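A.B. asks: Please find one structure pasted underneath; my questions will follow.
The values are calculated or read from the model by the stated rules, or taken from the named source; none is laboratory data. Note that the coordinates shown come from a computational prediction; the quantities given were computed from them, not determined experimentally. Here Cβ is always computed from backbone atoms with ideal geometry, including for glycine, and neighbour counts include all displayed protein chains. For the accessible areas, the whole protein counts, side chains as well, though only heavy atoms, and no ligand, DNA or RNA atoms are used. Shrake-Rupley method; radii C 1.70, N 1.55, O 1.52, S 1.80 Å.
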Amino acid sequence: MKLKKWLLSAFTVVLVISVIGCSSSKNNSSNSTTPSASSSTENASDSPSPSEEPKLDPVTFTYFNATANKDTDTNQTDVGKILEDQTGVNFKIEYLVGDLDTKIGTMIASNDYPDVMQPDIGIDKILEAGAFIPLNDLIEQYGPNIKRVYGKFFNLMKAADGNIYFLPFSPLVGEYTPNSVIDQGAFWIQNRVLEEAGYPKIKTFDEYFNLIETYANNHKSDKLTGFMSLTHDWRFFATTNPPNHLQGYPNDGEVQVDLKTMDAKIYATNDGTKRWLQKLNDLNSKGLFDKSSFVDNYDQYLAKITSGKVLGFFDYGWQVNQANQTIAADAVNNGGDDSLGYFPLPIVFDEGIKDQYIDPDSFINNRGIGITVKAQDPVRIIQFFDNMLKEENQILTHWGILGKTYEKDASGRLYRTQEQIDKLKDNDYNRDVGLGHFQYYWPMYAQGSTLSDGNASDPSRQPEVAALSFTPAVKERLAKYGVQTFTQMFAIPDDRPWYPAWSIALEQGSQAQIYTAKKPDVQRKYFAKIVLADPSKFDAYWDEYLNEYSKLPVAEYEQTMTELIKDKVAKIRGN
């Protein structure tokens, strides 16, 4: 969620991953007899160039990625073909279609896995099923670049049994570089709403919705949707998280953590959540809320954003990036209407609340890519991963092809031309190059990292690229608020050494884990009922929700989270 100035930044956090059932009886690197397995062992970063090494037999591995995208063979992309030339390895990627729980459940029930998986939020189930093999020995034998990039985080990546089962996506390398756009949470509002109102400086909940309501009433014949929300599958948090942000907290998942005491409290039943639902109920009663929010899937949600008919929504920038890019590309390449694009705002309930939408430094260690027990050649896979982490390949997978998607000046600075930036706004072109498949969900430098020559590893964080990425219309709009970047609209995050609390894994079967498993069902049932109800029934349904929620082990969950947060901070501080 889904970028920002300090977004996906550095790392300090610790995670206690309690994994049950991940036995050591899975496939092991020692079983591999692939000739190449012994040809690229030590000092890979100093080894001869791939062209000087023996030609490796071509092989195709399967990779399931639990996010939305178009299936592909990586060697059908420019970047993937280069990586195949280096390693002999192609990946056949399958992306998620439909329900993640069903997909993961089917895999586990049949014991039929691809070679490699990025299960996203389903990772706990994959670990519990013992579907990932331990990587420790593979990394030790074949992963010099993995050790270079991830080494200082190894203690945070180990499960309770001491094994590393997957590689996260957020190890910071070099100095931290902030982002210029918002890829985390925000209340998005259509540009034309701000324009018609004269670009007012709005900060509060009421100001935001009053602006939307006024615009909708002024354009009733256009049949606009005032506000909508995403509830599909695991993305339901886009509807449950807003009251947390509106109260001035970052995305710590289910809890709000006191900065001084580190005590964790849920917000699902507090006054903030009640106020949030009451507003949605009010919008619904006025015909300004999209009732389909509770039945639309993710694709339908994105389609509505790109339709130009929706005036506002809350979401994380990474989750709506595809839709925003589509609108931007249409405006640039097809004479589309730039006013139908969206502007991110750090809305809070009331004046005096400091917004905390932008992530503080963090290391997210409960998401990542792993090798499954069905992998035919774990050594070739881990060698491919290691090869990706060479600096030249981090440039390849993030900047793309020199002369095609980026340039280098005489002083070594990497940049993109306006034409290259505009072409990359086309999602299909982005995928054809390979950036749309390789920029994330692989072993990688964190997006806020810098290369050894001082360039940003992620082009969006290179100032030269960021400056050109904004169209004249965007720059003019930002100037109305006296800023040069979207991030400057948001407050600098407070330091939270445990962040993010949602990355703390819970023991399977514990009361705390049972709480997280049952809580969504209660909220799914009652959020729709409360929001779509006649306003006269709001209080009765809210009380009914509180009563049902009280049956969950809330106190046990809060106590466990408080203890684990404090444990994590203690480890980070070396106590």
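A.B. asks: Restricting attention to segment 59-73, which residues are over 14 Å from Asp428 (Cα atoms) and surrounded by 19 or more Cβ atoms within 10 Å (Cβ to Cβ)?
C.D. replies: Val59, Phe61, Tyr63, Phe64, Asn65, Ala66
A.B. asks: Let me ask another. Taking Thr239 and the conditions (1) touching a Leu at 6+ places or on another chain (Cβ under 7 Å); (2) more than 20 Å from Leu311 (Cα to Cα), which numbered condition does it fall short on, given that it satisfies the others?
C.D. replies: (2)
A.B. asks: If a residue counts only when it is in contact with a Ser or Thr (Cβ under 8 Å, 6 or more places away or on another chain) and not polar (S, T, N, Q), which helices (runs of 4 or more DSSP H) contained entirely in segment 127-183 have at least 3 such residues?
C.D. replies: Those helices (runs of 4 or more DSSP H) span 136-142.
A.B. asks: Test Gly335 against the stated conditions and say whether it is over 20 Å from the mean Cα position of the chain (by Cα) and of a type outside the set (A, V, I, L, M).
C.D. replies: Spelling it out, Gly335 is indeed over 20 Å from the mean Cα position of the chain (by Cα) and of a type outside the set (A, V, I, L, M).
A.B. asks: Is at least one residue of segment 484-492 crowded, with 21+ Cβ neighbours inside 10 Å, touching a strand residue (DSSP E or B) at 6+ places or on another chain (Cβ under 9 Å), closer than 19 Å to Glu254 by Cα and of a type in the set (A, V, I, L, M)?
C.D. replies: Checking segment 484-492: not a single residue is crowded, with 21+ Cβ neighbours inside 10 Å, touching a strand residue (DSSP E or B) at 6+ places or on another chain (Cβ under 9 Å), closer than 19 Å to Glu254 by Cα and of a type in the set (A, V, I, L, M).
A.B. asks: Spot the failing condition for Pro344; the list is (1) assigned to a loop (DSSP other than H, G, I, E, B); (2) buried (at least 24 other Cβ atoms within 10 Å of the Cβ); (3) touching a helix residue (DSSP H, G or I) at 6+ places or on another chain (Cβ under 8 Å); (4) not aliphatic (A, V, I, L, M), and only one is missed.
C.D. replies: All conditions are met except number (1).
A.B. asks: Further, regarding this structure: Considering only residues that are within 17 Å of Gly174 (Cα to Cα) and open to solvent by 50 Å² or more (accessible area, probe 1.4 Å), which ones fall in segment 398-418?
C.D. replies: Of everything in segment 398-418, just one residue is within 17 Å of Gly174 (Cα to Cα) and open to solvent by 50 Å² or more (accessible area, probe 1.4 Å), namely Arg413.
A.B. asks: Further question: Suppose we filter Asp350, Asp426, Asp361 for residues that are open to solvent by 20 Å² or more (accessible area, probe 1.4 Å) and at pLDDT 95 or above; which single one remains?
C.D. replies: Among Asp350, Asp426, Asp361, only Asp350 is open to solvent by 20 Å² or more (accessible area, probe 1.4 Å) and at pLDDT 95 or above.
A.B. asks: A further question follows. Restricting the search to segment 429-463, which residues are β-branched (Val, Ile, Thr) and closer than 20 Å to Asp386 by Cα?
C.D. replies: Hit for segment 429-463 is Thr450, nothing else.
A.B. asks: Just a yes or no: is a residue in segment 276-297 within 26 Å of the chain's Cα centre (by Cα), assigned to a helix (DSSP H, G or I), modelled with pLDDT under 95 and within 25 Å of Asn251 (Cα to Cα)?
C.D. replies: no
A.B. asks: Next question. Would you point out the residue of segment 82-105, among those that are in contact with a Ser or Thr (Cβ under 8 Å, 6 or more places away or on another chain) and open to solvent by 20 Å² or more (accessible area, probe 1.4 Å), that is nearest to Lys404 (Cα to Cα)?
C.D. replies: Looking at the filtered set, the residue picked out is Glu84.
A.B. asks: Ok, one more. Confirm whether Leu211 is open to solvent by 20 Å² or more (accessible area, probe 1.4 Å), in contact with a Lys or Arg (Cβ under 6 Å, 6 or more places away or on another chain) and at pLDDT 95 or above.
C.D. replies: So Leu211 fails the test.
A.B. asks: Now, a different point. Determine the pairs where a residue that is at pLDDT below 95, located within segment 166-194, has a partner that is part of a strand (DSSP E or B) and not aromatic (Phe, Trp, Tyr) with Cβ atoms under 7 Å apart, the partner being 6 or more residues away or on another chain.
C.D. replies: That search, which allows pairs on different chains as well, returns Gly174/Thr450; Glu175/Thr450; Thr177/Thr450; Thr177/Ala456; Ile182/Pro344.
A.B. asks: Just give me the residues in segment 454-479 being surrounded by fewer than 19 Cβ atoms within 10 Å (Cβ to Cβ), part of a loop (DSSP other than H, G, I, E, B) and either at pLDDT 90 or above or in contact with a strand residue (DSSP E or B) (Cβ under 9 Å, 6 or more places away or on another chain) (or both), in sequence order.
C.D. replies: Correct list: Gly454 only.
A.B. asks: Could you say which residue among Ile421, Ile395, Ile381 is among the aliphatic types (A, V, I, L, M), part of a helix (DSSP H, G or I) and open to solvent by less than 10 Å² (accessible area, probe 1.4 Å)?
C.D. replies: It is Ile381.
A.B. asks: Do the conditions hold for Thr231, that is, is it surrounded by 17 or more Cβ atoms within 10 Å (Cβ to Cβ), polar (S, T, N, Q) and part of a loop (DSSP other than H, G, I, E, B)?
C.D. replies: Here the answer is yes, as Thr231 does meet what is asked.
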